[in-house]
Amino acid sequence: MVSCNKDLELENPFGLTPNNAFPNLTSFQSQLSGMYGAFASPDYYNGYHGVTTDLLTDNVYETIESLVNFNQVHNWQYDAGDRQRTYFTSMWRQPYNAILQANTIINNIDAFKSENDLQYNRVLGQALAGRAIAHFDVLRGYSDPVDRNATTAGIPYKTDTKLTFPARNTVKEVYDAIYNDLNTAITLLSSVDAPINSAIIRGFIDVWAVRATLAKVALQAKDYPTAITQATAVINQFPLASRAQYPGIWNDANAVEQIWNIQNNSGDAGSPFPSAEIMSFRASRNTFAILPAFIRTFDTTGFSVDGIGRDIRFSSFFYVRNTVGGANNWALKKFQGKGTSADNLVNYKVVRVAEMYLIRAEASALSPTPAPAQANTDLNALKTVRISGYTNQTLAGQALINEIMAERRRELCFENSRWFDLKRTTRVVSRPLTNTGNPNSGVQTSLPASSFRWIWPIPEVEMRANPAMVQNQGY
C-alpha cells in the first residue's frame, strides 16, 4: 500500500501532550485531580493500602461468609504471581500511578511560575507531597529494614514521566528523596494563594497533612527528633475529638481531628468503599470478622447495658453481627457509611491528629534522650477523651512502650497501621480462634518473625517488564 504524506494529518490536533495540555498555571489543577483520583482508587486508600492491610494482621480472621478472594493473602501464602485479585500488584502499581500524575506536574510547572508565585506554591507543593507519600507507602511494604540510613534494597524513586527501567534505590536514598520532597512541600505550602482545605473539608494535602506525613515517615525511620517536632506542630493546630464528637468522625457527621481524608460520596462508581473487602454492608457479607482477642483489649464496661460502654471507640468501630454456638461474631462498622447509610461509602481517614499523639508518645519514649513524662502525658490525653472515667497512668520502660503500641492498635485499627507496626516491632502475628463462632477452616493462626513474608513480593509483571528489577528474597 502506498500513500502521500501530504494527504495525511500526521499529528492529532486533539491529542494532549505536555506542550498543549498545560497552557497556563491554572490548567495544572486538573492534573492534581488525577493524582487525588489515584489515591482514592479501590487499589489504594479506598481498599488495599487502606483498610485491607489489616487482613494480614492479628485484628481479624476469615469467616465462613468469605468468598475466599483473599484467603491466600490472609494466610500469608502470597507470591509474585499474585493470583488473588492482583492484591500486591495493585499495591505496587497504583502508588506509581499517583507518582506519575504528580511527576507530570512537577516536571512541567516551572515554566508558569511567573504567572502567580503563590498559586505555583500551592499546586507544586501538593504534587511533591503526593509523590513522597506514594513512594513511602510502597517502601514500607516492599522493603526491609526501613531504618533511616539502611543500605538494603529499597524501591525505585521515580522523578520523571519517561518509560525507563529503574533499578531499586537503597532505603537511605529513598528516604533522602522523601524527606527532600516533604520539606520542600512544607516550605511551598506555607505560602499559598488560597486555602487548600477548610474546617469541614479535609480532602486535600495541605501543609498540615505534609507535616503529619513527615511525622509518620520519621517514626518509621526511627528519626525520633523529627517525629516529635512535626507531630507537635500538628497537635498544636488540631484538637482531639470530644467523646460526643468521636462517633461522628466515622459517619462523616463532622471532620474533627481529621488532617487529610479521601472524599467518597453516595453514588460513587466502582467497588464499595473503603472497607467492603472486610465487611460489605452492600452485600451483607462479613468476610473478615474481628478476633475476640482484639475485642478484649478494649474497655467494654457498660457496653451490654447502654450499647456504648466506657471506651467510645468500641461502639464506634464494632457490632455483634450474629451469635453462633454461644460465641459473639464481631464485625467492623467503622466504615459503614455516611449518616445512617449502610453502603461503605464513607470518607477514608488517611491521617488524624490522634495518630500524632501516639507518634509523639512513642518517639518520646524511644528517643536517645527518653522523655517518659511526655509519652505518658500524650497517652493519657488520648485515653481521657476516649474512655469515660479514665484515670491517668504513669508507666515506664517496656510497660510504657507496650501500652503505646496497644493504644495504636486500638485507635488506628483498619487505618493502614497495624501490619506496619507489627513489622517494625515484634514481627509476630498470632490469631487465637478461641470464642469465634464462624471461622473459615483454612485460617492460619501465626506468622513468625523469621518469615520472609514480612516483605511483600515485587509483582511478577514488574519483574518481567523491568530487567533492572531485583526480587525480594524468598519469592
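Remarks
- Whole-angstrom gap from the stretch 350-403 to the stretch 216-245, using each part's C-alpha centre: 11
- Footprinting exposure proxy ranking of 176, 160, fewest other C-beta atoms within 10 angstrom first, gives 160, 176.
- Ascending count of other beta-carbon atoms within 10 Å, so fewest first, for 295, 262: 295, 262
- Under the combined filter of DSSP loop state and at most 15 neighbouring Cβ atoms within 10 Å, the stretch 399-475 retains these trypsin sites (Lys or Arg not before Pro): 427.
- Theoretical ellipticity at 222 nm over the chain - DSSP helices of four or more residues, -39500 (n - 2.57) apiece, nearest 500: -12000 deg cm²/dmol
- Computed from backbone phi, the HN-Hα couplings of the stretch 121-131 come to 4, 5, 6, 5, x, 5, 5, 5, 5, x, 4 Hz, rounded to whole numbers (Karplus: 6.51 cos²θ - 1.76 cosθ + 1.60, θ = phi - 60°; Gly and Pro given as x).
- Taking the Cα centre of the chain as reference, the dipole from Cβ charges on Lys and Arg (+1) and Asp and Glu (-1) amounts to some 960 debye.
- Rounded to the nearest Hz, the phi-derived 3J(HN,Hα) couplings of the stretch 219-232 under the Karplus curve 6.51 cos²θ - 1.76 cosθ + 1.60 (θ = phi - 60°) are 4, 4, 7, 6, 9, 5, x, 5, 4, 5, 4, 6, 4, 4, where x marks glycine and proline.
- [x] 48, 30, 21; [y] 37, 27, 23; [z] 38, 28, 19, with the label sought being that of the calculated semi-axes √(5λ) of the Cα gyration tensor in Å: [y]
- Nonlocal amide H pairs with residue 429, under 5 Å, H built at 1.01 Å: 447
- Between residue 114 and residue 445, the simple spin-label model (points 7 angstrom out along Cα→Cβ) gives 7.1 nm.
- Amide H contacts of residue 281 (H built 1.01 Å from N, in plane; Pro and chain starts excluded): 344 sit under 5 Å, all sequence-distant by 5 or more or on other chains.
- ³J(HN,Hα) computed for each position of the stretch 166-171 - Karplus, 6.51 cos²θ - 1.76 cosθ + 1.60, integer Hz, glycine/proline x: x, 7, 7, 5, 5, 4
- Flagged links, alpha-carbon separation over 20 Å, of 349/423; 222/423; 158/222: 349/423; 158/222
- Sorted fewest first by neighbouring Cβ atoms within 10 angstrom, 142, 45 come out as 142, 45.
- Full-stretch length increase - residue 163, residue 433 - with 0.36 nm per residue and alpha-carbon distance subtracted: 92.4 nm
- Scanning residues 5 or more positions from residue 350 or on other chains, those with amide H under 5 Å from its amide H are 260, 261, 262, with H placed 1.01 Å from N in the peptide plane.
No lab work stands behind these numbers, since they all come straight from the coordinates. What you see is a predicted model, and the numbers here were worked out from it, not measured in a lab. Neighbour counts are summed over all protein chains in view; Cβ atoms, including those assigned to glycine, are modelled from backbone coordinates with ideal geometry.
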